[in-house]
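The values are calculated or read from the model by the stated rules, or taken from the named source; none is laboratory data. Keep in mind it's a predicted model, so treat the numbers as computed, not measured. Neighbour counts run over all protein chains shown; Cβ positions are idealised from the backbone, glycine included. Keep in mind that these areas ignore ligands, DNA and RNA; they rest on the heavy atoms of the full protein, side chains included. Shrake-Rupley method; radii C 1.70, N 1.55, O 1.52, S 1.80 Å.
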Amino acid sequence: YIDNASGAHKDSLTKIKYLDVRNAYCIPRVATRVAGIGITGIAFNTINNIMPQATADYINYVANQSLSTSIAIGATYKLTIQRDATSVFDAINRDVYIDWNEDGSFSGPGETVLKDSNSTSQSYTAKVTVPKTAKVGATVMRVATNLNIYPNLPCGQNQFGAYQDYRVYVTPYNIVPV
């Protein structure tokens, strides 16, 4: 037992921790919601979200853990976007972005992971490979749709369509060979 009541013991230990705060993600907007140009389904690894179309121009599912997924660096996953099959009137552009470097934007190299242009199909599927340069941790996947004559802007404002954000957890490669 050591008593330091006299103040004779001057040993101390200072620990410093740094908190990395990234920029907040922009909140995209859509000028006009139109039937047939929105999003009715997203499937990506364990995310399988079916919803009514054109209920909002932007829906943020990031805080909904049941609509998040973990993906491993170097692995490939199927990504599918759907729209209402009964409302397919106009060709659309579909884009999906993942913030691989976790800097709060979708403009880094390879962050556009799906691009479907001038499409009249009800759904579109692409394969997404997690790059070896992806930062391990929590990030955001953004889904965007717009009328075919307008490009999707990751931070909006899109003229038509919809946006949705999802939480994605990037993990080290941990898939056991078969």
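If you plug each phi of the range 118-135 into the Karplus form 6.51 cos²θ - 1.76 cosθ + 1.60 with θ = phi - 60°, what whole-Hz ³J(HN,Hα) values come out, in order, with x for Gly and Pro?
Per-residue couplings from phi come out as 6, 9, 10, 6, 6, 9, 9, 10, 9, 9, 10, 9, 6, x, 5, 8, 5, 7 Hz.
Over the chain, what percent of the accessible surface lies on carbon and sulfur atoms, probe 1.4 Å? Don't skip to the answer; put the middle values down first.
On the way: 5360 of 9960 Å².
Carbon with sulfur: 54 percent of the solvent-accessible area.
Which value, in nm² and rounded to one decimal, describes the direction-averaged projected area of the C-alpha convex hull of the range 39-115?
Working: hull surface 24.5 nm².
If I average the Cα hull's projected area over directions, I get 6.1 nm².
Name the residues whose placed amide hydrogens come within less than 5 Å of the amide hydrogen of residue 70, ignoring near sequence neighbours (fewer than 5 apart) on the same chain.
When sequence neighbours closer than 5 places are left aside, the close amide H contacts are 46, 169.
Which net charge results when you count Lys and Arg as +1 and Asp and Glu as -1 among the other residues whose beta-carbon is under 12 Å from that of residue 112?
Numbers: positive: 94, 115, 142; negative: 95, 99, 111, 116.
Here the count lands on -1.
State to the nearest 20 debye the size of the charge dipole of the chain about its Cα centre, where the only charges are +1 on K and R beta carbons and -1 on D and E beta carbons. Could the numbers behind the result be given before it?
On the way: 15 positive and 13 negative charges, 37 e Å.
Computed about the Cα centre, the dipole is about 180 debye.
For the ranges 163-174, 91-102, what's the packing order if you count other beta-carbon atoms within 10 Å of each residue, average per peptide, and put the highest first? Intermediate values should be presented prior to the final figure.
On the way: 163-174: 17.8, 91-102: 22.5.
Most protected by this proxy first, the peptides run 91-102, 163-174.
What does the net charge come to around residue 144 if you take all other residues with beta carbon closer than 12 Å to its beta carbon, with K and R at +1 and D and E at -1?
Spelling it out: positives minus negatives among the neighbours equals 0.
What number comes out for the charge environment of residue 50, summing +1 per Lys or Arg and -1 per Asp or Glu over other residues with Cβ under 14 Å away? Could you put the intermediate results ahead of the total?
Working: positive: 83; negative: 84.
Once all neighbours under 14 Å are counted, the net charge is 0.
Within the chain, count lysine pairs with alpha carbon atoms under 30 angstrom apart where the residues are 8 or more positions apart or belong to different chains.
So the count works out to 11.
Can you list the HN-Hα couplings for the range 49-55, worked out from phi with the Karplus curve (6.51, -1.76, 1.60; θ = phi - 60°), rounded to whole Hz and with x for Gly and Pro?
10, 10, 8, x, 7, 6, 7
How far apart, in nm, are two points set 7 Å out from the Cα along the Cα-to-Cβ line at residue 29 and at residue 103?
Each label point lies 7 Å from its Cα, and together they span 2.6 nm.
When the dipole is taken about the Cα centre of the range 96-168, and only Lys, Arg (+1) and Asp, Glu (-1) are charged at their Cβ, what size is it in debye, to the nearest 20? Could you put the intermediate results ahead of the total?
On the way: 6 positive and 6 negative charges, 37 e Å.
So the magnitude is around 180 debye.
Only Cα pairs within less than 10 Å get springs; with that Gaussian network setup on the chain, which residue of 16, 59, 27 has the largest fluctuation?
16
Out of these labelled values of mean projected area of the Cα convex hull in nm², [x] 16.2; [y] 18.4; [z] 8.7, which was calculated from the coordinates shown here?
Answer label, from the structure shown: [x].
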